[in-house]
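> Shown below is the structure under consideration.
The values are calculated or read from the model by the stated rules, or taken from the named source; none is laboratory data. Small disclaimer: the values here were computed from a predicted structure and weren't measured. Counting neighbours? That spans all protein chains shown, and the Cβs are built from the backbone with ideal geometry, glycine included. Just so you know, the surface numbers come from the protein's heavy atoms only, side chains and all, with ligands and any DNA or RNA stripped out. Shrake-Rupley method; radii C 1.70, N 1.55, O 1.52, S 1.80 Å.
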Amino acid sequence: MTPLVQIRNLDVEFDTKHGPIKALRDVSFDVPQGKIVGIVGESGSGKSTIIWSIARLLSGNGRIVGGEILFNGRNLCDLDEAALRDFRGRQASIVFQDPMTSQIPVKSYRQQIIDVLYRNRGQSRSQKINHALAMMRRVGIPDPEQRIDQFPHQFSGGMRQRMGIAMALLMKPQLLMADEPTTALDVTMEAQIIHLLRSLQAETHTTIMLVSHNLGLVAELCDEVVVMYAGQVVESGPIGAVYARPAHPYTQALIKSDPARLTERGHYLPTIPGDLPDLRFRQAGCIFADRCLNVFNTCRHEEPAAHVLENGHSARCHLLDPRQSAPAMSPS
Ligand SMILES: Nc1ncnc2c1ncn2[C@@H]1O[C@H](COP(=O)(O)OP(=O)(O)OP(=O)(O)O)[C@@H](O)[C@H]1O
Ligand SMILES: [Mg+2]
């Protein structure tokens with residue numbers, strides 16, 4: 001089956017007063033139909049930029065400078081504004097970290113729901129409301145008949161996020177993108193939202209992309225994972241393979257601590273010594289070389305290719321290159 005989303009060699013830049021930043025560099029991965037794909041990586045690695053690129057909602061100073069994003073085989077970069085609005089309205093939706101900023105504070109949920117469903121011309125207003133009430137019940141909002149006339153500030157953080165998920169699912173999108181959906185919530189709420197996403201996914205077979213810096217949460221929820229570093233995909237593959245046999249030194253550093261702890265909620269990205277490189281300049285060699293514990297000469301001047309290890313598991317590292325001779329691997 002064709003993957004729902006195929007990202008191919010995607011390059012994204014942002015203009016800043018200090019020059020253009022290369023936020024994504026040659027990013028390629030697939031999101032298979034009906035699966036949950038997690039995107040992890042430290043702050044600034046480009047996770048949100050991937051989501052905004054797919055939605056074609058990059059801020060005014062951002063642009064796709066290379067590559068393509070195929071959705072059901074169709075290149076989203078070729079769509080005009082009207083087709084894009086339709087894509088965002090019907091086929092893909094986003095759940096944000098902080099629903100307070102994405103929901104409209106001066107509108108009741110009833111009004112917001114009518115706005116979301118305005119494209120469903122075949123449905124009467126009362127059908128739309130009944131559909132929304134059923135969805136609110138489904139995501140665990142008690143008393144939806146009363147709650148639908150309330151405003152976002154009258155909901156708790158967890159309830160607002162449930163409402164965000166309900167509204168994102170109203171149009172039955174094929175793709176749900178969630179950017180740190182539980183970061184603003186406490187651990188109990190987080191667990192509930194994760195459980196909710198998982199059961200909704202099992203029921204509706206919606207394809208989900210989940211951005212998170214919580215490795216435990218990704219392990220628990222996702223089928224596949226994409227590990228980002230400084231705008232590049234350094235490793236990707238089935239969750240079990242990547243977590244059990246991380247191949248890239250960056251991924252290894254992220255999950256080298258007791259793997260058993262990964263299933264505990266609240267296992268956030270550990271800090272790795274050093275900083276992300278300056279994304280304005282293209283350094284020679286491997287982008288992780290400066291922080292890598294396994295660095296050797298080749299890493300400093302040759303960019304590693306993505307090496308396939310097993311079934312869909314690949315990583316960008318010279319250590320995986322079978323042509324790499326032993327002497328070259330002495331530390332630099
Ligand atoms: N509108 C913008 N203008 C300039 N630079 C930007 C803009 N948006 C993002 N960037 C830069 O692009 C890079 C990737 O940012 P992005 O927000 O995608 O990272 P992230 O992985 O989502 O980080 P976080 O975990 O903090 O949300 C960063 O260097 C960031 O500073
Ligand atoms: Mg982000």
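> One residue is enough: does the range 95-104 have a residue meeting the conditions hydroxyl-bearing (Ser, Thr, Tyr), open to solvent by less than 70 Å² (accessible area, probe 1.4 Å) and within 16 Å of ligand 1 (Cβ to nearest atom)? Outline the logic, then answer.
The first filter runs over the range 95-104 and keeps only residues hydroxyl-bearing (Ser, Thr, Tyr), leaving 101-102.
Add one more test, that the residue is open to solvent by less than 70 Å² (accessible area, probe 1.4 Å), and what stays is 102.
Those left that are additionally within 16 Å of ligand 1 (Cβ to nearest atom): 102.
Checked the range 95-104: at least one residue is hydroxyl-bearing (Ser, Thr, Tyr), open to solvent by less than 70 Å² (accessible area, probe 1.4 Å) and within 16 Å of ligand 1 (Cβ to nearest atom).
> Here are some conditions: (1) open to solvent by less than 20 Å² (accessible area, probe 1.4 Å); (2) out of contact with any helix residue (DSSP H, G or I) (no Cβ under 7 Å at 6 or more places or on another chain). Residue 186 meets all but one. Which one does it not meet?
(1)
> Looking at (1) in contact with a Ser or Thr (Cβ under 9 Å, 6 or more places away or on another chain); (2) of a type outside the set (A, V, I, L, M, F, W, C); (3) open to solvent by less than 30 Å² (accessible area, probe 1.4 Å); (4) more than 16 Å from ligand 1 (Cβ to nearest atom), which is the one condition that is false for residue 112?
Unmet condition: (1).
> Let me ask you something else. Among the numbered conditions (1) assigned to a loop (DSSP other than H, G, I, E, B); (2) open to solvent by less than 30 Å² (accessible area, probe 1.4 Å); (3) within 16 Å of ligand 2 (Cβ to nearest atom), tell me where residue 171 comes up short.
(3)
> Would you say residue 220 is closer than 30 Å to residue 134 by Cα, in a helix (DSSP H, G or I) and open to solvent by 10 Å² or more (accessible area, probe 1.4 Å)?
Against the criterion (closer than 30 Å to residue 134 by Cα, in a helix (DSSP H, G or I) and open to solvent by 10 Å² or more (accessible area, probe 1.4 Å)), residue 220 qualifies.
> Only one of (1) in contact (Cβ under 8 Å) with a residue 40 or more places away in the chain; (2) touching a strand residue (DSSP E or B) at 6+ places or on another chain (Cβ under 7 Å) fails for residue 75. Which number is that?
For residue 75, the exception is condition (1).
> Assess whether residue 41 counts as being over 25 Å from residue 312 (Cα atoms), within 16 Å of ligand 2 (Cβ to nearest atom) and open to solvent by less than 20 Å² (accessible area, probe 1.4 Å).
no
> Which one of these does residue 184 not meet: (1) at pLDDT 90 or above; (2) assigned to a loop (DSSP other than H, G, I, E, B)?
All conditions are met except number (1).
> What residue, of 56, 8, is over 21 Å from residue 272 (Cβ atoms), away from ligand 1 (no atom under 11 Å from the Cβ), open to solvent by 30 Å² or more (accessible area, probe 1.4 Å) and in a loop (DSSP other than H, G, I, E, B)?
On inspection, the qualifying residue turns out to be 56.
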